[in-house]
Amino acid sequence: MIRGVFFDFVGTLITKSGENVTHQNIIKETLRRAGREDLDCIKLWEEYEEESSALFRELAGKPYVKIRDVDTEAIERVARRHGFDVPEDFWTINVEMHKKYGELFPDAKETIMALKSLGLHVGIITDSDNDYIKAHLEALGIYDLFDSITTSEDAGFYKPHERPFLLALEKAGIKPGEAIYIGDNPAKDCVGAKKVGMYSVLLDPESSKRALWENCDFIVSRLKDVVEIVQGLSAQI
């Protein structure tokens, strides 16, 4: 019997296209406050994404460090190359732009509500700082829909380390075999969930991660397909 469903956040509940727009506006506002609007915003955004992605790849499965520090290091590397000073309130800019431009997948809210109507514990497990995820979920109007939110800050480790998943299960009071985890990263989300015995679901709308599908129990192109998976698994018991 499935008793709990947990979601990743970026790329799973919110779209990557919305995240790109958010980050572009972070760079645009950073350059405005630094007095360097002469610089190419899109070029610097691309550099920022490269630096940030490289830093986060190094942190996979490792002890938690503040994401605000990682993001700040990424923008400072870009700033040093282009000769401008990063505003002291960079993290405030970051959070505000996420609140303003974050975009839910079209079926995200209806999927959450459908799962809750089945009497399931619905939670989030995400690599995030607590202040960021709370502010973002509140801005999206879905904060109160979740029964639990577990971050890498809470757990002390980044996915795919077992601790974020185990802590989420502890909060919910359910066993690994009674839970499903949905994410968009096969190496972090599917691998981490399966390591502790949870069912893993990969959200892959464009089938772009086919080479890594074997890491996951189920593949979906739409979030709402998760409801049918839950019902199917529960019917087997």
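The values are calculated or read from the model by the stated rules, or taken from the named source; none is laboratory data. A quick note: this is a predicted structure, and the numbers were derived from the prediction, not measured. Because the Cβ atoms are built from the backbone with ideal geometry, glycine has one as well, and the counts that use them run over all protein chains shown. Only protein heavy atoms, including side chains, enter the accessible area calculation; ligands, DNA and RNA are left aside. Shrake-Rupley method; radii C 1.70, N 1.55, O 1.52, S 1.80 Å.
So the values come out like this:
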{"read-out": "Checklist (1) closer than 30 Å to Met198 by Cβ; (2) open to solvent by less than 30 Å² (accessible area, probe 1.4 Å) applied to Asn20, failing item", "value": "(2)"}
{"read-out": "Filtered residues of region 209-237 (kept if free of Cβ contacts under 8 Å to residues at least 60 places away in the same chain and under 19 Å from Met113 (Cβ atoms))", "value": "Val220, Asp225, Glu228, Ile229"}
{"read-out": "Considering residues of region 57-72 that are assigned to a helix (DSSP H, G or I) and open to solvent by 60 Å² or more (accessible area, probe 1.4 Å) only, the residue nearest to Trp91 (Cα to Cα)", "value": "Arg68"}
{"read-out": "Those residues of region 195-208 which are under 20 Å from Val10 (Cα atoms), open to solvent by 60 Å² or more (accessible area, probe 1.4 Å) and in contact with a helix residue (DSSP H, G or I) (Cβ under 8 Å, 6 or more places away or on another chain), in sequence order", "value": "Tyr199"}
{"read-out": "So Thr15, is it polar (S, T, N, Q), in contact (Cβ under 8 Å) with a residue 40 or more places away in the chain and more than 30 Å from Ala179 (Cα to Cα)", "value": "no"}
{"read-out": "Scan of region 149-168 for residues that are open to solvent by 10 Å² or more (accessible area, probe 1.4 Å) and on the phi < 0 side of the Ramachandran plot, ordered by number", "value": "Ile149, Glu153, Asp154, Ala155, Phe157, Pro160, His161, Glu162, Arg163, Leu166, Leu167"}
{"read-out": "Subset of region 50-77 that is farther than 18 Å from Ile133 by Cβ and in contact (Cβ under 8 Å) with a residue 40 or more places away in the chain - its residue that is farthest from the chain's Cα centre (by Cα)", "value": "Ile75"}
{"read-out": "Test: residue in region 88-96 that is within 16 Å of the chain's Cα centre (by Cα) and at pLDDT below 95", "value": "yes"}
{"read-out": "Check on Glu29, part of a helix (DSSP H, G or I) and farther than 26 Å from Glu138 by Cβ", "value": "no"}
{"read-out": "Filtered residues of region 210-230 (kept if touching a strand residue (DSSP E or B) at 6+ places or on another chain (Cβ under 7 Å) and either surrounded by fewer than 19 Cβ atoms within 10 Å (Cβ to Cβ) or aromatic (Phe, Trp, Tyr) (or both))", "value": "Trp213, Asp217, Phe218, Ile219, Val220, Ile229"}
{"read-out": "Residue that is nearest to Glu29 (Cα to Cα) [pool: residues in region 97-110 that are in contact (Cβ under 8 Å) with a residue 40 or more places away in the chain and in a helix (DSSP H, G or I)]", "value": "Met97"}
{"read-out": "Hits in region 176-208 - residues which are touching a residue at least 24 places away in the same chain (Cβ under 8 Å) and in a loop (DSSP other than H, G, I, E, B)", "value": "Asp184, Asn185, Val196, Met198"}
{"read-out": "Region 35-56: number of residues that are over 26 Å from Thr126 (Cα atoms) and open to solvent by less than 30 Å² (accessible area, probe 1.4 Å)", "value": "1"}
